[in-house]
Every structure is written in structure tokens, then in C-alpha cells.
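Trainee: Right, I'll just put the structure down here and ask away after.
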Amino acid sequence: MRSVRYSYRLAPLMRADRQICMRAAILHDIDSRYGTLTTHGAIAAQFAAAQGESELVCQAIVSHMYPFGPAPTTREGWVLVVADKIASLSDMTVFVRGLFTGRSQRVRRSLSASDPFHVERPRRARLMLRLRRNR
């Protein structure tokens, strides 16, 4: 929801429609697990269009992964790009700070336990032991 908050604040500064920016920010990562870094914006835009969202909202959603995807063509698209990048940077700051305190690993374990898409991967140390045994 950080992207929504940042979109709300950035829209007037960039002379964009605040309502369109907020609606796009709410929907921009819907079904993002089904796409890749470059295609999940299009998947979310298809979902938004199916729900009856306007073309401006869908255009902003499609281009929110710029520079990995298409460039935004509207002010609202640029607001969403900037808001999403600011939200990502703040998430990374919290994560890196948590690496020093150990909180990031605890949160990751608790979230992975409740995530239906989570697949447990063997840890590198276990993998190395298996490789040594097979020699």
C-alpha cells in the first residue's frame, strides 16, 4: 500500500489525476506472481480492464515497470513508476537494516510458512554435502 500513499502525494506535484493514480497503484501488482519482471504489468492491466477500469488506469499499470517494460505515455503512468520505485527502495532499506538485526530472516521464515506459493529450496550447505556424498 506504500505505492498508493506515494501516488496520492506525487500526483498533484506532477499535475496528474490523483484518483487515476491511486486506482492504478492499488491494482498494479495484482497477479504479479503469474508474470515475469517485464510482463506482470500487462497481466495486471488485463485484470483491471476486466474489472471495468478506465484506459488511463490500464495504461499506467502496463508501464509501471519502466525501464524493464514499456515507457509511460501519461503523467499518471509516470506517477506510478516513481511511486513504485520509491516504495521498493523503502522496502529494501527496511530489509537491509533487518539483516543487521536478524529481523529480516525471522520475518522471511514466518511469511514463507503462510505463503501458498512458497517452495522450500535446499540450502547451499545441504546441497554441497549431498554433492560431496555422491562423489
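Only the coordinates and a few stated rules stand behind these numbers; no lab work does. Here the structure is a predicted model, which is why all the values come from computation and not from measurement. A quick note on method: Cβ atoms are made from the backbone with ideal geometry, for glycine too, and the neighbour counts reach across all protein chains shown.
Trainee: Could you list Thr93, Thr39 so that the one with the fewest beta carbons within 10 Å of its beta carbon is first and the one with the most is last?
Mentor: Fewest to most other Cβ atoms nearby, the residues stand as Thr93, Thr39.
Trainee: At a 10 angstrom cut-off on C-beta neighbours, averaged per residue, how do the peptides 104-112, 14-22 rank from highest to lowest?
Mentor: Packing order, densest peptide first, comes out as 14-22, 104-112.
Trainee: Be a star and scan the range 51-80 for residues whose amide nitrogen sits under 14 Å from the point 7 Å along the Cα-to-Cβ vector of Gln19.
Mentor: From the range 51-80, the list is 53-57.
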